[in-house]
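Laboratory data are not the source of any read-out in this text; all were calculated from the coordinates shown. These figures come from a predicted structure and were not determined experimentally. Cβ sites come from the backbone with ideal geometry, for glycine too, and all protein chains shown count toward neighbours.
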Amino acid sequence: MFDSIGNSWSLIKSSAKVLDEDRELLIFPIISSIAVLLLTAVFFVPMLLVGYFGRVANQGLQVVDYLILFLFYLIQYLLIFFSNTALVGAAMIRIRGGDPTIRDGLRIASDRFTSIFFYALIASTVGMLLSLIKERGSVLSNIVVSLIGFVWNVATFLVVPVLAVEDVGPVEAIKRSVGYLKKTWGEQLVGSFSIGLVFNFLIFLVMGAGALMIVLLINSSAQVWAFVSVGVVAIVFILGISLISTTLTGIYTAAVYQYAATGDAGSFFESDAVQNAFQPAARRKLI
């Protein structure tokens with residue numbers, strides 16, 4: 001357990017070094033978040049105004065509703081993958097010794113737009129099918145769907161950097177992602193490292209501190225503005241933590257691809273730390 005925590009912290013620090021060199025990398029998750037929020041508003045505000053959700057609650061989902069949901073999934077995936085490709089592409093330039101700009105990342109993603117679109121089409125189709133099966137299935141089928149989802153996430157872990165660097169189609173990118181992971185870690189591949197776990201813990205601490213402050217304010221009969229202030233500060237902290245987490249994850253993904261493709265994760269990362277991130281603790285002790 002402690003080895004895993006230490007390894008995760010080492011990788012976070014290495015990713016943070018890259019971010020410290022290129023803080024403009026934070027722009028890409030910001031663009032993605034704003035785009036997804038606007039997309040959500042474009043889809044759901046009109047639905048709310050025309051009573052769409054009331055109709056669905058009474059009549060259930062119809063074929064046209066599934067088509068609308070799929071279109072939303074597709075565009076959302078496209079926006080996220082486009083921003084992630086820009087982030088990973090720019091991070092890859094830095095890892096390889098260059099000095100990327102925001103324009104460099106956007107240019108890389110724009111050049112791969114067709115491949116990104118068709119990968120978003122594949123990913124949204126898989127995601128929606130798994131969601132539908134899980135929604136209507138039994139407990140056993142839900143477990144199977146969860147396992148399939150896990151395998152899919154593992155198989156596509158390196159798709160974005162493959163698209164960013166190798167400029168291939170989505171199907172070939174998935175094949176190469178699987179090939180790189182099998183080549184590097186074989187059947188022992190385990191996602192033992194997760195930047196998300198560390199930052200989710202930080203978010204949990206912020207929420208806990210916010211809840212404690214609200215309890216104290218209630219006991220002291222504070223004014224409404226005090227509650228609003230606590231809520232705003234907590235939201236700002238949570239958004240900041242999520243933003244950094246997403247950026248570091250993109251940087252880490254670029255490093256994993258660099259290691260899988262070349263055997264060297266770059267000067268910012270220790271190759272042992274990157275490799276150990278995908279090995280179970282039992283195996284790490286044997287190495």
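Worth a mention:
- Ellipticity at 222 nm from helices only: DSSP H runs of n ≥ 4 in the chain, each -39500 (n - 2.57), divided by the residue count, give -27500 deg cm²/dmol.
- Per-residue 3J(HN,Hα) values for the range 51-57, derived from phi via the Karplus relation 6.51 cos²θ - 1.76 cosθ + 1.60 with θ = phi - 60°, read x, 4, 5, x, 5, 5, 5 Hz in sequence order (x marks Gly and Pro).
- Phi to ³J(HN,Hα) by Karplus 6.51 cos²θ - 1.76 cosθ + 1.60 over the range 117-129, Hz, x for Gly, Pro: 4, 5, 5, 4, 5, 5, 5, 5, 5, 4, x, 5, 4
- Two-decimal log10 I(q)/I(0) for the chain, as the Debye equation yields it once each C-alpha is a single scatterer, q = 0.14 Å⁻¹: -1.17
- Dipole magnitude of the range 2-286, debye to nearest 20 (Cβ charges: Lys/Arg +1, Asp/Glu -1, about Cα centre): 420
- Sequentially through the range 201-215, phi angles give Karplus couplings (6.51, -1.76, 1.60; θ = phi - 60°) of 5, 5, 4, 4, 5, 5, 5, x, 5, x, 5, 4, 5, 5, 4 Hz, Gly and Pro residues having no value and appearing as x.
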